[in-house]
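The structure appears right after this line, and notes come after that.
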Ligand SMILES: [Zn+2]
């Protein structure tokens, strides 16, 4: 092909790309899109490193461009005057083309007062060379200036470049003019706000925005996190919002993401990335993609170019800071599948067990590089989840005693692992880092939450509590939350047929009060959610206030209460009543105020669910009356009270046996002789089951747990007793006359079925 043909072909190709770009500009519906998204591809068109689009502010005689720096929008304002490149271009209305911005002679030749402001370059390490400025006009009004910087070939911008830049500037002027006109006519007077999407979709309102701005944690963890954590904004909504705001893609954490080549990662230390909130992410078509908390921050963009000079094009993608941190952890610590491979003992053998004293200086206590600690904590959590552990206890001891890690399974604590004493500070610190707690604070207890999917391959949440102990040490207790877990199906609750039927009848009432009671860890929340799942339909508006939200259900509006900041159960209840609910669930009636509002709401047409920390169903009534709850209101409201316990379930390795005469006698007496007679069970037919032990149950003989229940109904005679503030014994007798089997009786019946054994029943039902 002759060279001139080749050149022509290139020009045609170039022209086509320009036309595409111009079409793209005209289809943009907001300024943000033009200034942020299209901008970069325009730079590509000119083989330029950067482009800045200035808009003219006629009133102030300034050119203004918005640049993100850190978490704030910074405005670059340049006076329209003959002293700066863009200002000169705007003032004279002509294109200027500079070969080297640092050459004072060349600048003087263009305009006698022209200077180049090097402060930005100095701050970022960027080196400006070629500069091409073209003015944007629409019908003789100055719209702004397009400034194109650094030709990647290192040669000056050509006359063709100028022609095309002018064409582009014309299209941009028209598009920007149209957008301005549109926004005025549609009275979009609200300023371009970071959270416009959330505001427009009514996900938050101005009041929430104001509150979040003033929130105590905003300075420390940032407004985005505060909006999600304290004001119920979902990650998805916020990500969508920020993606629109930044005009870039926005990614979440994906533990399966393949890390970059080591060489690229080695150039920056993870400590620095954590401070600056970015991480190299992937290379696609020769473009290095960086994820950054603020993808429009030009200063960081330039700094990164400095680190990776071989990449002419670097593209920034937005991500939440916590996700960036997770990627840094993933890329720098996990290596090739490090988080999941190896046993806990392999990891512990990697720990340094030499006998030198631990350096207890804060800054050195946990270096984020200490990947074995990172993997060890991950492994502890993953093992816990796999073994269906409810709580993990990290217990350091003074002196040179090992750190003990215990785990609670089916209600029992067992020693899981011992870890060399040297790590007694490092492990709690790592856990605190994972939930964003202050690692330097070791004298006060702290609470936090770990969203483990950001650190490892499991989607599980852990609630963390630190407890300062003697010798400046800290115990850590992590509760594995059944987060994201759906409600247990109602028929899996293990209710007897009578209890199941009666409870279903109650929860299908239009209003009234349903209480589930028992000590901590008796499965109250599981039962409540399971019951609510039965009536969770699109026609029913259900609000829940919980502490913490452990089980999630689609369709429910679930709210986390924060008693410490005054958002108590009572406060949540009051706010629900303004939100037109059909069904309300209040995590716990801890105090008279909550109980009163709960009762009143149930009398004004709402079905109210709650829990109480009482031992039995009859005791719940006397407890509430002792709180001076109005007995008339309460008796009108009450539908039923379900008391509950969890007993360990026998493993399939159990064996049946025929109890002795004495055993049967004791059992019948424990059940209640008269009550037992009414069951119609023939004493000689009774068979019981014994725990044995096998590999499946870890030789314990038990696997999983089982609910034991007593269900008291709000029958008319019961209501009369409540109004009279009757004694607990009278209430119990009435409840049994209404068909209630006590917790103990329910347990004994479940022993006959081989579900559990008497030892378990006696342990969880004291009386
Ligand atoms: Zn077994």
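No lab work stands behind these numbers, since they all come straight from the coordinates. Note that the structure is predicted; figures quoted are calculated from it, not measured. All Cβ positions, glycine included, derive from the backbone under ideal geometry; neighbour counts span all protein chains shown.
Please label the shape of region 384-471 as rounded, prolate or oblate, based on the square roots a ≥ b ≥ c of the eigenvalues of the alpha-carbon gyration tensor (a/c under 1.5 means rounded; beyond that, a/b larger than b/c means prolate, else oblate). The partial results should precede the final answer.
Working: a/c = 1.76, a/b = 1.15, b/c = 1.53.
Cα axes put region 384-471 in the oblate bin.
Please report the relative contact order for the chain, taking Cα pairs under 8 Å with a sequence separation of at least 6, and give it as a percent rounded to a whole number. The partial results should precede the final answer.
Working: 1295 pairs, mean separation 52.5, N = 767.
It rounds to 7 percent for the chain.
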**Item:** Centre separation in Å (Cα based) which lies between region 265-290 and region 88-167
**Value:** 31
**Asked** In what sequence do 254, 310 fall when counting other Cβ within 10 Å, fewest first?
**Response** 310, 254
**Message:** Among 709-719, 7-17, 495-505, how do they line up by average Cβ neighbours within 10 Å per residue, starting with the highest?
**Reply:** 709-719, 495-505, 7-17
**Request:** Given the peptides 733-746, 392-405, arrange them by the average over their residues of other C-beta atoms within 10 Å, most packed first.
**Result:** 733-746, 392-405
**Scattering profile of region 696-767 at q = 0.15, 0.19, 0.24, 0.27 Å⁻¹ [log10 I(q)/I(0), Debye over alpha-carbon scatterers]** = -0.60, -0.80, -1.03, -1.16
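Given a Förster radius of 60 Å and the C-beta distance between residue 99 and residue 257 as r, what FRET efficiency does 1/(1 + (r/R0)^6) yield to the nearest 0.05?
Details: r = 42 Å, r/R0 = 0.71.
E between residue 99 and residue 257, to the nearest 0.05, is 0.90.
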**Message:** Below 8 Å between Cα atoms, with a sequence gap of 6+, how large is the relative contact order for region 46-172 in percent?
**Reply:** 28
**Prompt:** At a Förster radius of 56 Å, what calculated FRET efficiency corresponds to the Cβ-Cβ distance of residue 287 and residue 552, to the nearest 0.05?
**Reply:** 0.90
**Request:** Report the relative contact order of region 382-541, percent, no decimals, based on alpha-carbon pairs under 8 angstrom and at least 6 residues apart.
**Result:** 17
**Request:** Mind sorting 86, 315 by how few other Cβ atoms lie within 10 Å of their own Cβ, fewest first?
**Result:** 315, 86
**Prompt:** In the chain, what percentage of the DSSP-assigned beta bridges are antiparallel, given to the nearest 5?
**Reply:** 70
**Complete:** Burial-style ranking of 633-642, 462-471, 757-766, average other-beta-carbon count within 10 Å with highest first, yields 633-642, 757-766, 462-471
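Using a 10 Å cut-off around each Cβ, can you sort 676, 569 from fewest to most neighbouring Cβ atoms?
Values: 676 17, 569 25.
Arranged by neighbour count, lowest to highest, 676, 569 become 676, 569.
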**Message:** Compute for region 620-767: radius of gyration divided by Kirkwood radius, i.e. Rg/Rh, restricted to C-alpha atoms, rounded to two decimals.
**Reply:** 1.07
**Asked** What's the angle, to the nearest 10 degrees (0 to 90), between helix 3-27's Cα axis and the longest principal axis of the chain?
**Response** 50
**Fill in**
Here the averaged projected area of region 449-539, based on the convex hull of its alpha-carbon atoms and given in nm², is 9.4
**Message:** Nearest 10 degrees is fine. How inclined is helix 728-737 to the longest principal axis of the chain, computing both from alpha carbons?
**Reply:** 90
**Prompt:** Shape of the chain from its Cα gyration tensor (a ≥ b ≥ c, root eigenvalues): rounded if a/c is under 1.5, otherwise prolate when a/b > b/c, or oblate?
**Reply:** prolate
**Message:** If you build the convex hull over the alpha carbons only and average its shadow over all orientations, what do you get for region 242-286? Give it in nm² to one decimal.
**Reply:** 4.4
**Prompt:** Taking the Cα atoms only, what angle lies between the long axis of helix 371-386 and the longest principal axis of the chain, rounded to 10 degrees?
**Reply:** 40
**Item:** Per-q log10 I(q)/I(0), region 90-184, q = 0.17, 0.18 Å⁻¹ (Debye; single scatterer per alpha-carbon; no solvent)
**Value:** -0.82, -0.90
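When the convex hull of the Cα atoms of region 613-699 is projected onto a plane and the area is averaged over all directions, what value comes out in nm²? Kindly include the intermediate steps, with their values, before the conclusion.
Details: hull surface 36.8 nm².
Across all orientations, region 613-699 yields a mean hull projection of 9.2 nm².
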**Prompt:** Does region 191-234 classify as rounded, prolate or oblate by the C-alpha gyration tensor (a ≥ b ≥ c root eigenvalues; a/c under 1.5 gives rounded; else a/b over b/c gives prolate, otherwise oblate)?
**Reply:** prolate
